[in-house]
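One structure is given below, encoded as structure tokens.
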Amino acid sequence: MKQIRFTLMMIIACLSFACISCSSNEESLSATTEKQKLSVKEAEKYLKLTNYMEQINPLYNVTNEEVLTRGSWFRWFAVLKMDAMGYTWGRQHGLTWQLSLVCAAVASITAAILSSKASTFNNWNINPNWFIYTPTHEYEKMGYEHNRLVQQVVSKYPSIRTGNVSVSTILSNTESSLSNIGYSGNIPNLYKTELLAILNSNNLDTFEAKMERAVLNNQSDFLESYAQYISQITDKSMVHSYTQNIIAQIDNLSISDKDNLKAMVCICEHSRFLWTGLE
């Protein structure tokens, strides 16, 4: 987490310097300078959000320090992180929330497969008791529908669990499963090619690195922290309580694009209880 905080602080410092270094000519300030000021303010909000999580972590017996082992905790964390970042990737590319759920589902399934390859292969599955709560907000619905989609994919195409399928097949199966939960659509070929290039990785570290480069912003740093923290909580009601505090703080800070950010958080929250066998 020190690295994440350092990264955010460096972003703020660099953006601030850029603002100061701009021409003093009033006409040249306009759009560029205003955008830079907004970027600094936004980075500061994400830093406050990360600090807030660290403040409430002791209430949930969560440690702020990074766990350096590659054991079960790491596998939980990696799957949740890729889940949320997959959705982020879709939204940043202008995809609908339904197609962004496809990106999230494929990313998490790929992460689960790669996690299993690093240990005992074929040891993960879907937890049939993943349900946490009935969504009452649109952003909560994203987490609920994400879990339904992944469950449909794995139950309809059980061969995916063997890992002996290509990422293009996983993506195709996920798109076709979208209709099973009441939605439809296909990712445009241009974006599909880009996504497959990220998914097609030999190991989890490579996959993470590719996704992080593709989703390099304040959101990715925050989601990494959030995924790490809820990975340490095993009780559903406690995870939901923790998440509700984060949602409220996102609203309090008036973060831009807050609805999408809250959707990403809820996808990560629901994914926390979707998987078994990642121990």
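The residues in region 188-206 that are crowded, with 18+ Cβ neighbours inside 10 Å and either in contact with a Gly (Cβ under 8 Å, 6 or more places away or on another chain) or modelled with pLDDT under 95 (or both) can be counted, and the count is 2.
Here's the yes/no breakdown for (1) at pLDDT 50 or above; (2) part of a helix (DSSP H, G or I):
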| site | (1), (2) |
| --- | --- |
| 20 | no, yes |
| 23 | no, no |
| 28 | no, yes |
| 36 | yes, yes |
| 39 | yes, yes |
| 42 | yes, yes |
| 47 | yes, yes |
| 52 | yes, yes |
| 62 | yes, no |
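Scanning region 217-255 for residues that are of a type in the set (Asp, Glu) and under 14 Å from residue 53 (Cβ atoms) returns 221, 224. In this structure, residue 276 does not qualify as at pLDDT 95 or above, of a type in the set (Val, Ile, Thr) and surrounded by fewer than 15 Cβ atoms within 10 Å (Cβ to Cβ).
Picking from residues in region 185-210 that are among the hydroxyl-bearing types (Ser, Thr, Tyr) and touching a residue at least 24 places away in the same chain (Cβ under 8 Å), the one that is nearest to residue 95 (Cα to Cα) is 191. Within this structure, residue 174 passes the test of being part of a helix (DSSP H, G or I), crowded, with 22+ Cβ neighbours inside 10 Å, among the polar types (S, T, N, Q) and in contact with a Leu (Cβ under 8 Å, 6 or more places away or on another chain).
The values are calculated or read from the model by the stated rules, or taken from the named source; none is laboratory data. If you're wondering where the values come from, they're calculated on a predicted model, not measured in any experiment. No Cβ is skipped: glycine too gets one built from the backbone with ideal geometry, and neighbour counts run over all protein chains shown.
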